[in-house]
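Quick notes on the structure that follows.
The values are calculated or read from the model by the stated rules, or taken from the named source; none is laboratory data. Since the model is a prediction, treat every value here as computed from it, not as a measurement. Counting neighbours? That spans all protein chains shown, and the Cβs are built from the backbone with ideal geometry, glycine included. Ligands, DNA and RNA are excluded from the accessible area calculation, which covers all protein heavy atoms including side chains. Shrake-Rupley method; radii C 1.70, N 1.55, O 1.52, S 1.80 Å.
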Amino acid sequence: MSENTKKMLLALSEDPNLVSEYKQDPKTVMDRFGVPAEHQELIGQGDKEGLQKAAGLDDEMCRLIIF
Amino acid sequence: MAAARLSVVGTGIRPGGHLTLETRHLLAGADRVLAVVDGLGLEHLRRINPAAESLQDCYRQSPGREASYAEMVRRILAALDRGGHVCAAFYGHPGVFVWPAHECIRQARARGLEARLYPGISAEDCLFADLELDPALHGCQSYEAMDFFLYPRLIDTSAALVLWQMAALGDVRRDRFEADPAWVRALAEVLMADYPAEHVATVYEAATFPLSEPRREPISLARLHQVSFSQASTLYLPPLAAPRLSEQRLARLGLVAEDLGPAAYRRYRDR
């Protein structure tokens, strides 16, 4: 589990400015939060189940970014 | 432990971002937090108060919504019995379509305890923003869909009409969340007594996650039965026309239409 991935998701759920930035350039935002490359790849692929397993996050948390 | 008191708060529609500063303070200072929120919402609450407990299991433990709500109230009151500041947190606005929030306030006060309801961001607030609907412009009628169908109201077609909980339409035993197509057709027929069949309504759902978009699906009343309704669906009917100024009411006060000062909303509405 990566605390950084979770931190980014929680930050996205609070901050519309960060959401705008993420929509334009997800990689920069993920790098800034230190989201591991494996998680970034799963997010890019839209692999919600894979992210759940790899990051140890629940379904709802993953639905925040993959829907 | 301080005397028991109850604060009932709302966590808004989008977990995290919709928590008000006031609610954050109440949560942080509470001795116990009991929350009816989903996993992400609970995660946020636990960052504010690590002792936050979920009441979501009340839905699984009890058959039907009435029993689930009664169990939530029982557990909130049981927490109050232990004294201290109890904060009950509900998804959305705690006073809007949340029977257990009102009931636990009533029961706490009946025990002589201090109890207060605080506002949260409701689905209606999201609807006003996402549909850019200003209730000052035309006025807004707002009903629970099934209640609206069962207990006829006078419809003012010059004002907006909002019908909530479309998925519960036809849920006569209050134990499911799937609209009955026969009830949707019957509701559309009721509406078509006042609106033309081609009047375009909007099926609205607030975005519950910041990266997703709200649902804003236009549909004519004649085709209303063809759309699907989720638990989050609301039906919005725009007004048919602007309301008419009453010369008679103005005359009672010795005024005529020309005496009314400029009002931007009126110019926009009367276009």
Taking only protein heavy atoms and a 1.4 Å probe, the highest-to-lowest accessible-area order of A:K48, A:K53, A:K6 is A:K53, A:K48, A:K6
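In region B:80-116, which trypsin sites (Lys or Arg not before Pro) fall in coil by DSSP and have 15 or fewer other Cβ atoms within 10 Å? Please list the in-between numbers first.
Values: sites: B:R82, B:R106, B:R109, B:R111, B:R116; in loops: B:R82, B:R111.
Of the trypsin sites (Lys or Arg not before Pro), the ones in loops of region B:80-116 whose Cβ has at most 15 other Cβ atoms within 10 Å are B:R82, B:R111.
Taking each residue of A:11-17 in turn, how many C-beta atoms of other protein chains fall within 10 Å of its C-beta, and what is the average? Intermediate results must be reported in sequence, preceding the final value.
On the way: counts 1, 5, 13, 8, 3, 3, 0.
What the average comes to for A:11-17 is 5.
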Sequence of A:T5, A:T28, B:T157 from largest to smallest accessible area, 1.4 Å probe: A:T28, B:T157, A:T5
Once R0 is set to 56 Å, what does the formula 1/(1 + (r/R0)^6) return for the Cβ-Cβ distance between A:K53 and B:A263, expressed as a FRET efficiency to the nearest 0.05? 0.45
So the pair-distance distribution of chain A, from every Cα-Cα distance in 10 Å bins, comes to percents of 23, 63, 14
Averaging sequence separations of C-alpha pairs under 8 Å and six or more residues apart, then dividing by the length of chain B, give the relative contact order as a whole percent. 19
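For chain B, what is the calculated [θ] at 222 nm in deg cm²/dmol (nearest 500), taking -39500 (n - 2.57) for each run of four or more DSSP H residues and dividing by its residue count?
Working: 11 runs with 95 residues, N = 271.
The per-residue figure over chain B is -9500 deg cm²/dmol.
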Once you sort the root eigenvalues of the Cα gyration tensor of the protein assembly as shown as a ≥ b ≥ c, which label holds: rounded (a/c under 1.5), prolate (a/b larger than b/c) or oblate (the other case)? prolate
When the Cα centres of region B:38-77 and region A:1-60 are compared, how far apart do they sit, in Å? 27
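In whole Å and largest first, what semi-axes does the C-alpha gyration tensor of region B:1-133 yield when each eigenvalue is scaled by 5 and square-rooted? Don't skip to the answer; put the middle values down first.
Details: eigenvalues 100, 57, 42 Å².
Equivalent ellipsoid of region B:1-133: 22, 17, 15 Å, largest first.
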Scanning chain B for helices, which whole DSSP H stretches are 20 Å or more long along the axis (Cα) and average -0.5 or more by Kyte-Doolittle? B:65-81
Using a cut-off of 14 Å between alpha-carbon atoms, which aspartates and glutamates can reach A:K53, once sequence neighbours fewer than 8 places away in the same chain are excluded? A:E3, A:E38, A:E41
Rounded, prolate or oblate: which one fits region B:174-239, using the alpha carbon gyration tensor with axes a ≥ b ≥ c (rounded when a/c is under 1.5, else prolate when a/b beats b/c, else oblate)? oblate
Student exercise, region B:197-271 dipole from Lys, Arg, Asp, Glu Cβ charges, in Debye to nearest 20: 140
